[in-house]
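Report on the following structure.
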Amino acid sequence: MLRSLISILVSLMVTSICAAQSRQVPAPPQDALIVIQGATIHTMVGEPITDGYVTINDGRITGVGSGSAPNGRGMLLIDGEGLHVYPGLVSVGTMLGLIETSATDVTHDHDEVGNMTPVVRAAIAVNPDSDHLPVTRETGILTAVIFPTGGRVPGRASAIRLDGWTVEDLTILDDAGLVVNWPRYVSRPSRGGPFDSTAREENTSIDELDDLIEQARAWSAAYETGEVDHDLALEAMQSVLDGSRPVFLLAQTRQQITSAVAWAKRHELSPIIVGGSAAMLCAELLVQEDVPVVCSGVMDMPKRRDLPYDDQYTLPKRLLDAGIRFCLGTGDSGAHERRLPFHAGKAVAYGLTTEQAIAAITRDAAEICGLGDELGTIEVGKAGTLILTNGSPLDIRSRVVRAWIDGREITLENRHSDLNAKYREKYRQLGR
C-alpha cells in the first residue's frame, strides 16, 4: 500500500513538472536568403534608415541599406512596409531559465551549495524547455546574460540565446565573467557608544575574496611547473585574472561601489557594477576608472526613505549626463524579464531619448558584456538576431511581429498568447 502511494505521488510530481515545460518547438536552421524589405532599419550605429532593407544568410547579416535589396535566387522576401527592424534586445543580470517557480524547489537551479563556488557555470543549469523563454521572447528579448546566485561568489555568468533544443544550442558564452555579491556595509551598535559603520563581518568577507584571488594566482604559477594538481575551482578564476572576462560586482550603496571598484583595481580585474543605485555618488570614480554600470530596476522604489520618488526612474539619464557607461536590466529573477523594454520606456519618460534607451538594451548591453562583436547592432557580419515590430519596442502597445535568432525564424507563440487566444474565443462564443 505504502509503495503504491509513493509511486502515485512520484508520478504526480513528474507530471506537474512536465506540464510546466514549454510546448514551443525550436526553430530549424536557416535554409534560404532572408530579405526584409521596405522597413525602417534601426541599426543603432547611426540614424535609422527609412525604406531600408536587411539581408541575412547562413545566420549572418550580409547586407544593410536603403532602397531595394539586391535580388537573389531562392530568397525569402519579407514585406516590411510600415514596420521597424531592431537588433534583438539583450537582458543582463537575470536568472532566466535557472528557476521556473519559487513554489517548487526542484525547479531551482540558480543557487549552488557553498559560499565560494567560482567553478559554477550558469549555462549548465539552464532549462531549455522553460516556459519563461518564449514568454520573454515575445517582447523582443532574444539574448540574456544569466547570473547564478547564493554565497559570496556564486559562480560565473553565461550568455545564452533564447531558442534551442539543448543547453549547448542556447549557449553563446559559457563563461561571461565572475559574479560576486559584494559585502554590504551596515551600521551596528558597539560597546563604545556610537554606531560602527565598518562591521567586522564585511571586512572578513573582503579578506576571503582577497584570499581567493591570491590562491588562484599562486595555483596557476605552481600548476604550470607541475608542483600542484589540477583544481577546477581555481582554474575557473583564470579568465578573470588574465582580464579576458570581467567580474560582475553586485553593489548598490556608495560604500559597496567604492570598495568594490578599489578591490577590483587592486587585483587588476575588469569590474562591472550591477545594481548601482548609488552610482551617482561615485560618478567621478566610475568615469575615471571607466567602470560600466548595469542599472537594474528602473521601476523600483527609491533605496532610501529620504530619496525622491523618481530616484530610480531618473538614474539612467543622470548616468548618461555624467559620462558613465551603462546598460539597463530589470534585476528580476526571470519570470518577469519580459518587462525589460518597459523599464527602458520608463527611463524615456524621465529623460532618455528613445534611441538612447533602446541602445541601453541592445548595443550598450552587448558591448559591456563582451558580446559587441556579435550582437547589439545591425551591421554586416554580425549575427542575424533581429526583431520586426509595428512600433517602438519600448511602447507597451507595440508588438513584435517576427523575430530571428542567428537567421532562424523563431515562434513568438507562448503560454500567454495561447491563453489570450483561448479566452478571446470564449467571449466570442458568448457574443461579447
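The values are calculated or read from the model by the stated rules, or taken from the named source; none is laboratory data. Remember, it's a predicted structure, so these values are computed and weren't measured experimentally. Counting neighbours? That spans all protein chains shown, and the Cβs are built from the backbone with ideal geometry, glycine included. Remember, those area values only see protein heavy atoms, side chains included, never the ligands or the DNA or RNA. Shrake-Rupley method; radii C 1.70, N 1.55, O 1.52, S 1.80 Å.
Across the stretch 199-217, what is the number of residues that are open to solvent by 60 Å² or more (accessible area, probe 1.4 Å) and at pLDDT 90 or above?
Let us first name the residues in the stretch 199-217 that are open to solvent by 60 Å² or more (accessible area, probe 1.4 Å), namely 200-201, 203-204, 207-208, 211, 214-215, 217.
Okay, now just the ones that are also at pLDDT 90 or above, so 207-208, 211, 214-215, 217.
So the count comes out to 6.
If you scan the stretch 147-169, which residues turn out to be more than 16 Å from residue 328 (Cβ to Cβ) and within 16 Å of the chain's Cα centre (by Cα)? Of everything in the stretch 147-169, those that are more than 16 Å from residue 328 (Cβ to Cβ) and within 16 Å of the chain's Cα centre (by Cα) turn out to be 148, 149, 155, 156, 157, 158, 159, 160, 161, 162, 163. Scanning the stretch 132-150 for residues that are on the phi > 0 side of the Ramachandran plot and open to solvent by 30 Å² or more (accessible area, probe 1.4 Å) returns no hits. Considering the stretch 298-339, the residues that are of a type in the set (D, E, K, R) and touching a strand residue (DSSP E or B) at 6+ places or on another chain (Cβ under 8 Å) include one that is surrounded by the fewest Cβ atoms within 10 Å (Cβ to Cβ), namely 325.
Of the strands (runs of 3 or more DSSP E) entirely within the stretch 54-149, those holding at least 1 residues that are under 29 Å from residue 416 (Cα atoms) and either at pLDDT 95 or above or not aliphatic (A, V, I, L, M) (or both) occupy 76-79, 84-87, 89-94, 141-146. Whenever a residue of the stretch 47-60 is farther than 18 Å from residue 359 by Cβ and aliphatic (A, V, I, L, M), its partners that are in a strand (DSSP E or B) and open to solvent by 50 Å² or more (accessible area, probe 1.4 Å), lying with C-beta atoms within less than 8 angstrom and at least six residues away or across chains, give the pairs 56/62.
When only residues in the stretch 348-378 that are small (Gly, Ala, Ser), more than 20 Å from residue 136 (Cα to Cα) and out of contact with any Ser or Thr (no Cβ under 7 Å at 6 or more places or on another chain) count, which is most open to solvent (accessible area, probe 1.4 Å)? The residue in question is 349. Could you list, in sequence order, all residues of the stretch 278-313 that are modelled with pLDDT under 95, small (Gly, Ala, Ser) and at negative phi? Selection gives 296 alone. The helices (runs of 4 or more DSSP H) located wholly in the stretch 325-432 that include 1 or more residues which are under 18 Å from the mean Cα position of the chain (by Cα) occupy 340-349, 354-360, 363-368.
Please enumerate the residues belonging to the stretch 31-46 that are within 26 Å of the chain's Cα centre (by Cα) and at pLDDT below 95. Listed by number, the list holds a single entry, 46. Any residue at all in the stretch 188-198 that's surrounded by fewer than 17 Cβ atoms within 10 Å (Cβ to Cβ), assigned to a loop (DSSP other than H, G, I, E, B), modelled with pLDDT of 90 or more and among the small types (Gly, Ala, Ser)? No. Under the condition of being part of a strand (DSSP E or B), open to solvent by 10 Å² or more (accessible area, probe 1.4 Å) and either at pLDDT below 95 or in contact with a Lys or Arg (Cβ under 7 Å, 6 or more places away or on another chain) (or both), the residues counted in the stretch 151-165 number 1.
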